[in-house]
Amino acid sequence: MNRKTPLFFGPPLALLTEGETNTMEISGKVNRTAERYLEILKHHGLELNDVERDCLKQICGFGYMSPEDMRDLPDDVLFSPYSDPRLDRESLAARLEAATFADLVATVEALGF
């Protein structure tokens, strides 16, 4: 648990810890944020059937999903080339549209993206 790991501070972490100079305070802030994020993942997300999951995996499969990409998922579902006839595109797109941002993040994370 007390393992030190080098951590790249990209723009999001740099913003999160802006103005902090004490290493222990920075570490505490990053760990508190991670703990809260994990709790959000535990309590949010959409229940998906296998066909819906496969469709979203294909959409997310290009790699990094930015917050804007996540917000665009309803449109992506409607216009995706994914072609399983069991997929109800309109239903999945409507559920994604109605989802909170926390639900979208948790869903994308659960898919491995």
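What is the residue count in region 88-105 for residues that are touching a His at 6+ places or on another chain (Cβ under 8 Å) and over 13 Å from Leu73 (Cα atoms)? Adding up the residues that qualify gives 1. Beta carbons closer than 8 Å, at least 6 apart along the sequence or on distinct chains, pair a first residue in region 58-82 that is on the phi > 0 side of the Ramachandran plot with a second that is open to solvent by 30 Å² or more (accessible area, probe 1.4 Å) for Gly63/Phe113.
Just to be sure before I move on: is Leu15 open to solvent by 60 Å² or more (accessible area, probe 1.4 Å) and touching a Lys or Arg at 6+ places or on another chain (Cβ under 6 Å) in the structure I sent?
Details: open to solvent by 60 Å² or more (accessible area, probe 1.4 Å): yes; touching a Lys or Arg at 6+ places or on another chain (Cβ under 6 Å): no.
In short, no.
For region 67-88, a tally of residues being more than 29 Å from Tyr37 (Cα to Cα) and among the charged types (D, E, K, R) returns 3. Listed conditions (1) on the phi > 0 side of the Ramachandran plot; (2) at pLDDT 95 or above are all met by Gly112, apart from (2). The condition (being charged (D, E, K, R) and at pLDDT below 90) is satisfied by just one residue among Arg3, Arg32: Arg3. Entry remark, region 23-37: residues being exposed (fewer than 10 other Cβ atoms within 10 Å of the Cβ) and among the polar types (S, T, N, Q) number 1 in total. Among residues of region 87-103 that are closer than 14 Å to Leu48 by Cβ, those with a Cβ under 8 angstrom from a residue that is at pLDDT below 95, sequence gap 6+ or separate chain, pair up as Arg89/Ser80.
When Leu73, Leu46, Leu111, Leu41 are screened for being touching a helix residue (DSSP H, G or I) at 6+ places or on another chain (Cβ under 6 Å) and closer than 21 Å to Leu7 by Cβ, only Leu41 passes. Counting the residues of region 94-113 that are surrounded by 15 or more Cβ atoms within 10 Å (Cβ to Cβ), over 12 Å from the mean Cα position of the chain (by Cα) and outside any loop (DSSP other than H, G, I, E, B) gives 2.
Restricted to region 38-93, and to residues there that are assigned to a loop (DSSP other than H, G, I, E, B) and acidic (Asp, Glu), the residue that is most open to solvent (accessible area, probe 1.4 Å) is Glu47.
The values are calculated or read from the model by the stated rules, or taken from the named source; none is laboratory data. Please read all numbers here as calculations on a predicted model, not as lab measurements. Glycine also receives a Cβ, built like all others from the backbone with ideal geometry; neighbour counts cover every protein chain displayed. Accessible surface is based on the protein model in full, side chains and every heavy atom, while ligands, DNA and RNA are left aside. Shrake-Rupley method; radii C 1.70, N 1.55, O 1.52, S 1.80 Å.
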